[in-house]
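All of the numbers you see were taken from the coordinates with simple rules; none came from a lab. Here the structure is a predicted model, which means the values were calculated and not measured. Neighbour counts run over all protein chains shown; Cβ positions are idealised from the backbone, glycine included.
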Amino acid sequence: MGRLDGKVAIITGAAMGMGALEAKMFAKEGARVVATDLQEEKLKEVVGEINEKGGKAIAVKHDVASEAGWKEVVKQAVDAFGKVNVLVNNAGIVIQKNAEQITLDEWNKLMDINLTGNFLGIKYVIPEMRKAGGGSIINISSVSGIIGIGGAAYNASKGGNRTLTKNVAVDFAKDNIRVNSVHPGVIATTMTQSILADKEQKAYLESITPLPRLGKPEDIANGVLFLASDESSFMTGSELVIDGGLLAK
Ligand SMILES: NC(=O)c1ccc[n+]([C@@H]2O[C@H](COP(=O)([O-])OP(=O)(O)OC[C@H]3O[C@@H](n4cnc5c(N)ncnc54)[C@H](O)[C@@H]3O)[C@@H](O)[C@H]2O)c1
């Protein structure tokens, strides 16, 4: 018995990093996976691996900032697998600039992907989740959604995700649609590669993380899997912090 048997899950940003691992873990636990990303070739590799191992997944090239793109993703999910039960709003970018340095174009681009993209995903899966009798939406925020590290636009987008989560959780609880946010600390992925390659920055990030290591994608994917499954069926509007103790300090 898989922990996600019978469920259909859309995961954005699934070509690499945490999204790719979540797609593989979800499929292993019985979900049929709609993996989406801008990077088509890498995405097809992830989906190819899932299907070779006996899982069920499709790849959809998708810009999360595009409303038409979201309509197409939801349509393809329903055409392929008949319904949508889970959405993981994972795709995101980081721009490590403060409010004085960041340009308006950079600000708008980041917001379109990290915040508007998540709103659009929520908007277009809700009717399908209602038809399916409920669902679970997981918004990948960050410790930067709670405290002021990470960059001005990044902080604002991740804080927006945190309270958007609570708004949607309250409004759609009656439809049995659960919405929770996940707040990773520092996780070694492509996103943090250049930051962690800088010895000083790495030492700083280690110094603010009480556990004696930085995070791995599986640390986050395990939490996301729990929120996607019925094991978390009484959780909505909550914040799952997975940060090695960073926020506790
Ligand atoms: N790595 C960390 O330390 C960390 C910490 C906290 C939160 N997060 C968040 O976790 C999520 C995943 O991060 P990651 O570290 O795996 O990043 P990553 O850079 O390894 O992967 C992000 C994926 O998102 C995709 N993507 C980017 N823009 C897109 C768009 N417009 N449309 C569709 N796909 C797009 C990329 O192609 C990539 O495959 C992000 O939302 C990130 O902000 C990461």
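Summary of computed values
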quantity: Extended-chain gain in nm, criterion 0.36 nm per residue less alpha-carbon gap, THR103 and ASP175; calculated: 21.9 nm
quantity: Dipole magnitude (debye, nearest 20) for the chain, charges at Cβ of Lys, Arg, Asp, Glu; calculated: 480 debye
quantity: Between 0 and 90°, nearest 10: helix 217-228 axis offset from the chain longest Cα axis; calculated: 40 degrees
quantity: Mean Cβ count within 10 Å, highest first, over the residues of peptides 159-166, 4-11; calculated: 4-11, 159-166
quantity: Links that overshoot a 29 Å alpha carbon limit, given the list LYS24/LYS97; LYS44/LYS97; LYS28/LYS109; LYS75/LYS174; calculated: LYS24/LYS97; LYS44/LYS97; LYS28/LYS109
quantity: Net charge, LEU205 excluded, C-beta distance under 13 Å - Lys, Arg +1, Asp, Glu -1; calculated: 0
quantity: About the Cα centre, charge dipole magnitude for segment 34-176 (Lys/Arg +1, Asp/Glu -1 at Cβ), debye; calculated: 540 debye
quantity: Positive-end residue of ILE102, TYR204, ASN89, charge dipole of the chain with Cβ unit charges; calculated: ASN89
quantity: Likely footprinting exposure, TRP107, TRP70, fewest C-beta neighbours within 10 Å first; calculated: TRP107, TRP70
quantity: FRET E, pair LYS61, GLN96, Förster distance 45 Å, beta-carbon r, rounded to 0.05; calculated: 0.95
quantity: Cβ-based exposure ranking for PHE234, PHE26, PHE81, PHE226, in which fewest neighbours within 10 Å come first; calculated: PHE234, PHE226, PHE81, PHE26
quantity: For PHE119, net neighbour charge (Lys/Arg +1, Asp/Glu -1) across residues whose Cβ lies under 15 Å away; calculated: +1
